[in-house]
Amino acid sequence: MRLGERLAKEHSRSCVLSVLLCYACIMAMGHAMIKREISIMKIVRHPNIVRLHEVLAGRAKIYIILEFVSGGELFDKIVHRGRLSEDECRRYFQQLIDAVSHCHSKGVYHRDLKPENLLLDSYGNLKVSDFGLSALPQQGVGLLHTTCGTPNYVAPEVLSNQGYDGAAADVWSCGVILFVIMAGYLPFDEIDLPTLYQKINGAQFSCPFWFSQGAKSLIQKILDPNPKTRIKIEGIQRDPWFRKNYVPVRPREEEVNLDDVCAVFDNIEDQYVSEQSTVDEGGPLIMNAFEMITLSQGLNLSALFDRQQDYVKRQTRFVSRKPARVIISTVEAVAESMGLKVHTRNYKTRLEGISANKVAQFAVVLEVYEVAPSLFMVDVRKAAGDTLEYHKFYKNFCAKLDNIIWKPTEGLANSSLLRTMTC
């Protein structure tokens with residue numbers, strides 16, 4: 001049975017997303033790290049956590065079948081609407097705390113909690129994603145030592161590069177998230193790292209006037225720079241502000257079997273197929289139908305035909321009828337005029353610069369795909385930096401690329417396939 005037929009039979013409509021990992025990527029990123037992440041995703045099963053359905057091995061790729069979350073990122077909702085109402089924030093925060101509490105009960109700590117890693121389903125429920133920095137329990141009761149996560153959301157004890165309690169660090173990040181969705185801006189955001197770290201270490205922030213007293217009180221208990229006196233998950237769940245209209249989720253206990261994960265990874269080195277030998281150096285990658293489907297909105301044919309009103313659009317890509325070499329040369333020229341460093345190889349370009357607040361690196365990756373004769377799609381993705389800054393950059397960047405971006409006629413513009421390929 002073909003992969004698409006199998007998934008269509010076993011999973012309901014619009015419920016899965018296929019993420020493809022080539023063996024070359026796995027070897028480059030680290031066999032153990034990828035296996036760990038997939039194992040974690042199978043262990044933590046909760047209504048507010050993106051679910052891993054299955055892991056399948058192909059001839060040259062691994063297929064990770066995930067729950068399809070159609071509502072986009074919570075961060076995108078904030079970008080489009082600004083700060084959210086207190087009641088809406090409370091509901092999202094309740095779901096976040098329930099999910100994080102469940103992770104901790106399994107001995108798993110997320111360590112990179114931020115709005116970009118929080119998704120929304122079609123009903124507006126929160127789904128926690130991206131366990132790439134998670135830590136599985138070690139033997140004994142130990143402290144974590146790896147500095148992970150985004151500086152603005154990271155707890156003071158993590159920045160100190162000393163051992164820290166993963167649970168307490170996650171609680172801090174949850175507090176920063178609550179502040180961001182209620183205020184519409186970060187509690188700690190400075191133009192240089194030393195000042196930023198100083199503000200975080202001293203918990204130097206102030207709540208805006210529209211925060212209720214209950215919200216202020218809880219946030220101050222969470223953003224306590226001392227992890228030993230910082231409020232714990234159980235304390236948050238007992239807090240009067242938190243408990244308003246709170247309906248705790250009781251996840252069904254399921255026996256989790258990791259045999260399929262182990263089987264897939266056991267012989268990866270023997271099955272490793274280098275993609276470099278099959279890449280045509282003379283032209284851009286040719287995107288086949290399966291890749292186009294997975295790029296749209298998951299392994300779900302209906303996504304090519306149905307307009308989803310609740311989906312917060314996050315694709316940043318455009319279509320061009322110019323030759324691939326012209327696309328790349330134009331992108332390089334525009335990027336250099338904007339003061340960015342440019343690195344191009346095999347119709348894939350990385351643009352690098354310094355973020356607007358001069359705190360971190362800003363980087364974008366563009367890749368050109370041939371989707372039909374004389375029709376190319378340019379996929380643009382943030383590789384490093386702030387998401388809000390990236391959206392602003394993309395809008396400005398596309399304005400400068402106007403002469404190569406194809407603007408189809410109205411009839412074609414309404415085509416679902418073209419909507420899939422364009423921003």
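Summary table below
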| quantity | calculated |
| --- | --- |
| Scope region 354-374; condition at pLDDT below 85 and assigned to a strand (DSSP E or B); matching residues | Ile354, Gln361, Phe362, Tyr369, Glu370, Val371, Ala372 |
| Conditions (1) surrounded by 14 or more Cβ atoms within 10 Å (Cβ to Cβ); (2) over 19 Å from Glu88 (Cβ atoms); number of the one not met by Pro194 | (1) |
| Residues being surrounded by fewer than 20 Cβ atoms within 10 Å (Cβ to Cβ) and either in contact with a Gly (Cβ under 8 Å, 6 or more places away or on another chain) or closer than 25 Å to Gly385 by Cβ (or both) - total across region 81-103 | 4 |
| Hits in region 170-204 - residues which are in contact with an Asp or Glu (Cβ under 7 Å, 6 or more places away or on another chain) and over 21 Å from Glu73 (Cα atoms) | Leu196, Lys199, Ala203 |
| Residue among Leu118, Leu144, Leu113 that alone is at pLDDT below 80, under 26 Å from Phe205 (Cβ atoms) and surrounded by 16 or more Cβ atoms within 10 Å (Cβ to Cβ) | Leu144 |
| Matching residues in region 381-395 - criterion: being under 15 Å from Ala335 (Cβ atoms) and either surrounded by 17 or more Cβ atoms within 10 Å (Cβ to Cβ) or in contact with a Gly (Cβ under 6 Å, 6 or more places away or on another chain) (or both) | Lys382, Gly385, Tyr390, Phe393, Tyr394 |
| Conditions (1) surrounded by 14 or more Cβ atoms within 10 Å (Cβ to Cβ); (2) over 29 Å from the mean Cα position of the chain (by Cα); number of the one not met by Gln237 | (2) |
| Hey, Gly107 at pLDDT below 85, part of a loop (DSSP other than H, G, I, E, B) and either in the same structural domain as Val44 (by the TED database) or crowded, with 21+ Cβ neighbours inside 10 Å (or both) or not | yes |
| Any hit, region 68-84, residues being part of a strand (DSSP E or B), at pLDDT below 85 and either of a type outside the set (Val, Ile, Thr) or not assigned by the TED database to the domain that holds Gly166 (or both) | yes |
| Pair list, Cβ under 6 Å, 6 or more apart: region 330-343 residue under 15 Å from Ile354 (Cβ atoms) and in contact (Cβ under 8 Å) with a residue 12 or more places away in the chain, other residue surrounded by 13 or more Cβ atoms within 10 Å (Cβ to Cβ) and of a type outside the set (D, E, K, R) | Ala335/Val342; Ala335/Leu351; Leu340/Leu351; Leu340/Gly353 |
| Residue list for region 218-234, restricted to those being surrounded by 15 or more Cβ atoms within 10 Å (Cβ to Cβ) and part of a helix (DSSP H, G or I) | Leu218, Ile219, Lys221, Ile222, Ile233 |
| Residue that is modelled with the lowest pLDDT, among those in region 379-414 that are hydroxyl-bearing (Ser, Thr, Tyr) and either assigned to a strand (DSSP E or B) or within 27 Å of the chain's Cα centre (by Cα) (or both) | Thr387 |
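The values are calculated or read from the model by the stated rules, or taken from the named source; none is laboratory data. Worth saying up front: this structure is predicted, and the values here are computed from it rather than measured. We place every Cβ from the backbone using ideal geometry, glycine too, and count neighbours over all the protein chains shown.
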